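A single structure is presented below for examination.
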């Protein structure tokens with residue numbers, strides 16, 4: 001453990017977060033992003049007041065096509081965790097908790113033999129996304 005002497009409480013966790021991320025101020029973020037510090041403060045206020053009704057989602061936005069872009073999803077989920085917005089009404093649910101895939105009333109039969117129109121050679125690169 002990095003901090004074995006600390007008591008395992010949220011207050012200890014909060015103190016360590018302050019030490020780790022204290023240098024990353026709104027002004028720092030403004031210089032890095034080109035977004036005004038006041039605008040970043042406003043967004044932070046909206047997020048902070050959302051409470052447990054925050055749901056963040058990253059799908060083909062900042063996380064796509066950027067080196068290390070997957071960190072965006074991790075950062076957004078950290079906001080959910082810090083606000084206690086995981087598995088709450090209006091919050092974010094773990095991936096497998098609420099999967100519902102509706103089935104059509106009349107499902108057509110699958111082809112009996114390989115069909116390039118159904119399963120092109122580029123599969124899985126062209127698979128329904």
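A quick yes/no check of all residues on (1) surrounded by fewer than 10 Cβ atoms within 10 Å (Cβ to Cβ); (2) closer than 30 Å to residue 58 by Cβ; (3) at pLDDT below 75:
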| site | (1), (2), (3) |
| --- | --- |
| 92 | no, yes, no |
| 104 | yes, yes, no |
| 109 | yes, no, no |
| 113 | yes, no, no |
| 116 | yes, no, no |
| 125 | yes, yes, yes |
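Quick check on this structure: which one of 55, 73 is modelled with pLDDT of 75 or more, surrounded by 12 or more Cβ atoms within 10 Å (Cβ to Cβ) and under 30 Å from residue 3 (Cβ atoms)? Write out each step before concluding.
Numbers: 55 fails: under 30 Å from residue 3 (Cβ atoms).
Of 55, 73, the one residue that is modelled with pLDDT of 75 or more, surrounded by 12 or more Cβ atoms within 10 Å (Cβ to Cβ) and under 30 Å from residue 3 (Cβ atoms) is 73.
Sort through 68, 34 and tell me the only one that's out of contact with any helix residue (DSSP H, G or I) (no Cβ under 7 Å at 6 or more places or on another chain), at pLDDT 95 or above and on the phi > 0 side of the Ramachandran plot.
Working: 68 fails: at pLDDT 95 or above.
It is 34.
Moving on to the next point. Which of the numbered conditions does residue 75 fail, given that it passes all the others? Conditions: (1) under 19 Å from the mean Cα position of the chain (by Cα); (2) part of a loop (DSSP other than H, G, I, E, B).
Answer for residue 75: the failing condition is (2).
Quick one: would you say residue 79 is surrounded by 12 or more Cβ atoms within 10 Å (Cβ to Cβ) and within 23 Å of residue 99 (Cα to Cα)? Break it down stepwise before answering.
Working: surrounded by 12 or more Cβ atoms within 10 Å (Cβ to Cβ): yes; within 23 Å of residue 99 (Cα to Cα): yes.
So residue 79 fits the description; yes.
Assuming residue 46 fulfils every condition listed in (1) within 20 Å of the chain's Cα centre (by Cα); (2) in a helix (DSSP H, G or I); (3) surrounded by 13 or more Cβ atoms within 10 Å (Cβ to Cβ) apart from one, which condition is it?
(3)
With the requirement that a residue be touching a helix residue (DSSP H, G or I) at 6+ places or on another chain (Cβ under 8 Å) and loosely packed, with under 13 Cβ neighbours inside 10 Å, what does the range 3-16 give you? Reasoning before the result, please.
Step one: list which residues in the range 3-16 are touching a helix residue (DSSP H, G or I) at 6+ places or on another chain (Cβ under 8 Å), which gives 3, 6.
Once the filter is applied, which keeps residues that are touching a helix residue (DSSP H, G or I) at 6+ places or on another chain (Cβ under 8 Å) and loosely packed, with under 13 Cβ neighbours inside 10 Å, the range 3-16 yields only 3.
Quick one: which residue in 7, 89, 11 is in a helix (DSSP H, G or I), more than 16 Å from the chain's Cα centre (by Cα) and free of Cβ contacts under 8 Å to residues at least 60 places away in the same chain?
Details: 7 fails: in a helix (DSSP H, G or I); 89 fails: in a helix (DSSP H, G or I).
When all the criteria are applied, what remains is 11.
The values are calculated or read from the model by the stated rules, or taken from the named source; none is laboratory data. It should be emphasised that the depicted structure is a prediction, and the values quoted were computed from it without experimental measurement. No Cβ is skipped: glycine too gets one built from the backbone with ideal geometry, and neighbour counts run over all protein chains shown.
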